[in-house]
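Student: Let me begin by handing over the structure; questions about it come next.
The values are calculated or read from the model by the stated rules, or taken from the named source; none is laboratory data. Please read all numbers here as calculations on a predicted model, not as lab measurements. So basically every Cβ, Gly included, is an ideal-geometry build from the backbone, and we count neighbours across all protein chains shown.
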Amino acid sequence: MRRTDTPVPLPLVFAHANGFPGQSYRNFLSPLAVRFDLQPLDRLGHHPDFPVGHNWLALRDELLEHLARFDTPVIGVGHSMGGVLMAMAAERIPARFHCVVMLDPPLMLGFDALAMKAAKRLGFVDQLTPAGRTLGRRDNWPDRQAMRNYLRRRGLFRRFTDQALDDYVDGGSRELDDGRVVLLYDPDIEVAVFRHLPDHLDDLPNRVHVPLGVLAGSESDVLTARRRRRLRRRGVRLAKVPGGHMFPMEQPEATRQALLLMLDTLLEVP
């Protein structure tokens, strides 16, 4: 019998957005397991050895510790916060990566970086980031159906597919003994992450020496048209996906297709 060797799939490590545990992306990510060794991270920022701090440097180190478990370089993909952390980790230790794709990253370049520095120094960072809106957010419900009904009316979740909303409710909460459900992602940590949004990454695209790409929501209020133009001027490969900042949950199929096209391009880059 002739022996045939089956190629070992490349590991694809996915880093989530602030407030959204890795299991929240199940509907978007699961089909990618046909091609990749899929490794979604759980809850960055919750490990006591890596408390959230200045410019997300500890979160970057938490991610790098996780990547050290792999014997080979990985494909790094991340949404929002997770995308920025992947690029920061690739800048720190490029040998860990084949390539990095950021999904709608809050990457502060140029004037945005200066404004973030000023906001932190002068004490109005909660007005410049979502931290102020996150303070005091609801974190428990009588049951998962009540949680689902509540979130469906909220602006951030209104355009989620039904499957994506179910993924967030199931993967982003835990049930207590009395039947109530509470968020898995600590709201205080979520606020801290927003307050420490990095302000030192103006030249990051030039410092990342692995193939780098960005997928941007066509209606995103984070990666706006002005910020997309700035990334392109820095030489970053960029493609648009329908939807807002949460497009992986709003347009999972379109996001997967755009991601696969981007990865095909980046993995061919010498």
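Student: Which count do you get for residues in the range 186-226 that are surrounded by fewer than 21 Cβ atoms within 10 Å (Cβ to Cβ), in contact with a Ser or Thr (Cβ under 9 Å, 6 or more places away or on another chain) and under 27 Å from Thr161 (Cβ atoms)?
Tutor: 2
Student: Residues being closer than 21 Å to Gly244 by Cβ, touching a helix residue (DSSP H, G or I) at 6+ places or on another chain (Cβ under 6 Å) and free of Cβ contacts under 8 Å to residues at least 60 places away in the same chain: count how many of those fall in the range 159-194.
Tutor: 1
Student: Please enumerate the residues belonging to the range 130-164 that are more than 21 Å from Glu250 (Cα to Cα) and assigned to a loop (DSSP other than H, G, I, E, B).
Tutor: Matches in the range 130-164: Leu135, Gly136, Arg137, Arg138, Asp139, Pro142, Asp143.
Student: If you don't mind, another one. What number of residues within the range 9-31 satisfy the criterion of being within 19 Å of Phe70 (Cα to Cα) and part of a helix (DSSP H, G or I)?
Tutor: Residues flagged as within 19 Å of Phe70 (Cα to Cα) and part of a helix (DSSP H, G or I) within the range 9-31 amount to 1.
Student: Quick check, is Leu109 touching a strand residue (DSSP E or B) at 6+ places or on another chain (Cβ under 8 Å), buried (at least 16 other Cβ atoms within 10 Å of the Cβ) and among the aliphatic types (A, V, I, L, M)? Break it down into steps so the answer makes sense when it comes.
Tutor: Numbers: touching a strand residue (DSSP E or B) at 6+ places or on another chain (Cβ under 8 Å): no; buried (at least 16 other Cβ atoms within 10 Å of the Cβ): yes; among the aliphatic types (A, V, I, L, M): yes.
Considered against the rule, which asks whether it is touching a strand residue (DSSP E or B) at 6+ places or on another chain (Cβ under 8 Å), buried (at least 16 other Cβ atoms within 10 Å of the Cβ) and among the aliphatic types (A, V, I, L, M), Leu109 comes out as no.
Student: Here is a further query. Those residues that are of a type in the set (Gly, Ala, Ser) and either within 18 Å of Val84 (Cα to Cα) or surrounded by 21 or more Cβ atoms within 10 Å (Cβ to Cβ) (or both), I need them from the range 244-264; list them, please.
Tutor: Residues satisfying the conditions are Gly244, Ala258.
Student: Right, something else. Could you tell me which of the residues Arg174, Arg229 is surrounded by fewer than 19 Cβ atoms within 10 Å (Cβ to Cβ) and assigned to a helix (DSSP H, G or I)? Let's see the steps before the verdict.
Tutor: Numbers: Arg174 fails: assigned to a helix (DSSP H, G or I).
So the residue among Arg174, Arg229 that is surrounded by fewer than 19 Cβ atoms within 10 Å (Cβ to Cβ) and assigned to a helix (DSSP H, G or I) is Arg229.
Student: I would also like to ask the following. Select from the range 91-129 the residues that are on the phi < 0 side of the Ramachandran plot and in a loop (DSSP other than H, G, I, E, B) and list them in ascending order.
Tutor: Answer for the range 91-129, where residues must be on the phi < 0 side of the Ramachandran plot and in a loop (DSSP other than H, G, I, E, B): Ile93, Pro105, Pro106, Leu107, Met108, Leu109, Phe124, Thr129.
Student: Just give me the residues in the range 134-177 being among the basic types (Lys, Arg) and in contact with a strand residue (DSSP E or B) (Cβ under 8 Å, 6 or more places away or on another chain), in sequence order.
Tutor: From the range 134-177, those among the basic types (Lys, Arg) are 137-138, 144, 148, 152-154, 158-159, 174; that's our starting set.
The answer is Arg144, Arg174.
Student: Tally up the residues in the range 65-89 that are under 15 Å from the mean Cα position of the chain (by Cα) and outside any strand (DSSP E or B), please.
Tutor: Taking the range 65-89 as the starting set, the residues that turn out to be under 15 Å from the mean Cα position of the chain (by Cα) are 75-89.
Subset that is outside any strand (DSSP E or B): 80-89.
The number of residues fulfilling the criteria is 10.
Student: If the Cβ limit is 7 Å and pairs must be 6+ apart or interchain, which residue in the range 53-72 that is without any contact (Cβ under 8 Å) to a residue 24 or more places away in the chain pairs with which residue that is part of a loop (DSSP other than H, G, I, E, B) and crowded, with 16+ Cβ neighbours inside 10 Å?
Tutor: Every condition considered, the pairs that remain are Ala58/Phe50; Ala58/Val52; Asp61/Phe50; Glu62/Leu44; Glu62/Phe50.
Student: Give the residue, chosen from Gly235, Gly172, that is of a type outside the set (Val, Ile, Thr), at pLDDT below 95 and under 18 Å from Arg138 (Cβ atoms).
Tutor: Values: Gly235 fails: under 18 Å from Arg138 (Cβ atoms).
Answer to the check: Gly172.
Student: Of everything in the range 96-133, what is closer than 23 Å to His66 by Cα, in contact with a Phe, Trp or Tyr (Cβ under 8 Å, 6 or more places away or on another chain) and in contact (Cβ under 8 Å) with a residue 60 or more places away in the chain? Give them in sequence order.
Tutor: Initially, the range 96-133 is screened for residues closer than 23 Å to His66 by Cα, giving 96-107.
Checking which are in contact with a Phe, Trp or Tyr (Cβ under 8 Å, 6 or more places away or on another chain) leaves us with 96, 103-104.
Listed by number, the residues that qualify are Leu103, Asp104.
Student: If you check Gly136 against the conditions, is it within 26 Å of Ser30 (Cα to Cα) and either without any contact (Cβ under 8 Å) to a residue 24 or more places away in the chain or not polar (S, T, N, Q) (or both)? Spell out how you get there, then give the answer.
Tutor: Values: within 26 Å of Ser30 (Cα to Cα): no; either without any contact (Cβ under 8 Å) to a residue 24 or more places away in the chain or not polar (S, T, N, Q) (or both): yes.
Against the criterion (within 26 Å of Ser30 (Cα to Cα) and either without any contact (Cβ under 8 Å) to a residue 24 or more places away in the chain or not polar (S, T, N, Q) (or both)), Gly136 does not qualify.
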